[in-house]
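To start, the structure itself, in structure tokens.
The values are calculated or read from the model by the stated rules, or taken from the named source; none is laboratory data. It should be emphasised that the depicted structure is a prediction, and the values quoted were computed from it without experimental measurement. All Cβ positions, even for glycine, are placed from backbone atoms using ideal geometry, and neighbour counts span all protein chains on display. Keep in mind that these areas ignore ligands, DNA and RNA; they rest on the heavy atoms of the full protein, side chains included. Shrake-Rupley method; radii C 1.70, N 1.55, O 1.52, S 1.80 Å.
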Amino acid sequence: MQPPTTITRVLVIGAGAMGSQIALTAALAGHTTIVQDIAQGRLDAAAAQLRESTDKMVKSGKLAEEQARRAHDRLEFSTDLEAVAAAADFVIEAATERLEIKKAIFARLGELAPPHAILATNSSTIGSSAVAGASGRPGQVCNLHFFNPVLVMECVEVVRHAGTSQATVDTTVELARSLGKTPVLINHEVPGFVANRLMGAVQKEALALLAGGVASMEDIDATARMALRHPMGPFELMDLVGLDVVDYIAQATYAATGNPADAPDESVAALVRAGKLGRKSGTGWYSYSR
Ligand SMILES: NC(=O)c1ccc[n+]([C@@H]2O[C@H](COP(=O)([O-])OP(=O)(O)OC[C@H]3O[C@@H](n4cnc5c(N)ncnc54)[C@H](O)[C@@H]3O)[C@@H](O)[C@H]2O)c1
């Protein structure tokens, strides 16, 4: 089945950090957007948080009050996948990063979503080939990978697996553009795609420089900011992303490649074991006063 050329109804699965922001982005762009989660509490929290976000945007003059009102009118929240999947043109799965959860979601979407619907996953570490078969429509499956914070970050990665159809790629690229994003196309499913691989390479080098006593983390961060014009240094970025997430990505990459050079970094793992997860826990590489 050919994907539709015009996407009107977007279904976002998962109302967590990413799903909620993706949904608001889609609603602000004019799409009727449904957010589905298994936990009503997560949906309620997301709805409240999105109100707060748009209130702030209105206050700071980034968004007109009327635009905010219309975006919220376009947003729906539901725990009932069966009811909401039937009318979706495009599904963006942003549920918990566990393969068995995602496989089960794609299997259900394959049964419930209209035959033309594209099923994309926002996963950072699970290539869509791992869930495409379960959906029964592998040609209409790809990764559509957003960056956090979604409302601010311009880039999205569109990652095709070997069986993703060209029509699916074209429609996904078009949808990303309709969301005001700049899509980049990744032709092969490689662990970390492009952005996280680049970030991982810089992080790895930064960790090696620190371990070798070549420079302090403050000076390594300052160099990245001032000499390379990165908005923040690699240690600051790891704290922002969350050291548990950094460690998890490294573990997943290592599991996929088996390359000793990709093995998780021991100093990051030690911080995670000590509960020092970065900004969210108040301490990571740096300390943050709450
Ligand atoms: N956090 C990031 O910075 C980031 C960046 C890019 C991509 N991602 C990807 O986005 C996805 C979500 O990450 P997150 O950080 O938003 O996670 P999160 O833990 O904040 O949210 C996950 C949500 O999924 C819901 N969920 C779990 N099982 C479900 C199911 N069967 N059906 C519907 N909802 C279900 C949970 O209730 C939760 O609300 C992951 O695949 C992750 O790799 C995350």
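For the range 88-105, a tally of residues being modelled with pLDDT under 95 and away from the ligand (no atom under 11 Å from the Cβ) returns 0. On the stretch given as the range 270-285, residues that are buried (at least 17 other Cβ atoms within 10 Å of the Cβ) and either over 24 Å from the mean Cα position of the chain (by Cα) or of a type in the set (A, V, I, L, M, F, W, C) (or both) total 4.
Listed here are the residues, each with its yes/no results for (1) more than 16 Å from the ligand (Cβ to nearest atom); (2) at pLDDT 95 or above.
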position: Pro4; (1), (2): yes, no
position: Leu28; (1), (2): yes, yes
position: Thr32; (1), (2): yes, yes
position: Ala45; (1), (2): no, yes
position: Thr79; (1), (2): no, yes
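Note on the range 194-267: enclosed helices (runs of 4 or more DSSP H) holding 3 or more residues that are surrounded by fewer than 16 Cβ atoms within 10 Å (Cβ to Cβ) are 195-211, 217-226, 243-257.
Regarding Leu43, is this residue within 18 Å of the chain's Cα centre (by Cα) and of a type in the set (A, V, I, L, M)?
Values: within 18 Å of the chain's Cα centre (by Cα): yes; of a type in the set (A, V, I, L, M): yes.
In short, yes.
Restricting the search to the range 83-101, which residues are surrounded by fewer than 17 Cβ atoms within 10 Å (Cβ to Cβ) and closer than 20 Å to Ile7 by Cα? Of everything in the range 83-101, those that are surrounded by fewer than 17 Cβ atoms within 10 Å (Cβ to Cβ) and closer than 20 Å to Ile7 by Cα turn out to be Ala83, Ala86, Ala87.
Scanning the range 172-191 for residues that are in contact with a strand residue (DSSP E or B) (Cβ under 6 Å, 6 or more places away or on another chain), part of a helix (DSSP H, G or I) and of a type outside the set (Gly, Ala, Ser) returns Thr172, Val173, Leu175. Screening the range 127-155 for residues that are touching a residue at least 60 places away in the same chain (Cβ under 8 Å) and more than 14 Å from the ligand (Cβ to nearest atom) and picking the one that is most open to solvent (accessible area, probe 1.4 Å) gives Ser129. Scanning the range 116-126 for residues that are at pLDDT 95 or above and open to solvent by 20 Å² or more (accessible area, probe 1.4 Å) returns a single hit, His116.
Against the criterion of being more than 22 Å from the chain's Cα centre (by Cα), under 17 Å from Thr33 (Cβ atoms) and of a type in the set (Lys, Arg), Arg74 does not qualify. Checked against (1) under 19 Å from the mean Cα position of the chain (by Cα); (2) open to solvent by less than 50 Å² (accessible area, probe 1.4 Å); (3) closer than 27 Å to Gln49 by Cα; (4) within 14 Å of the ligand (Cβ to nearest atom), Leu179 passes all but a single condition, namely (4). Taking first residues from the range 188-199 that are under 17 Å from Phe146 (Cβ atoms) and partners that are aromatic (Phe, Trp, Tyr), the Cβ contacts under 8 Å between residues at least 6 apart in sequence or on separate chains come to Ala195/Phe147.
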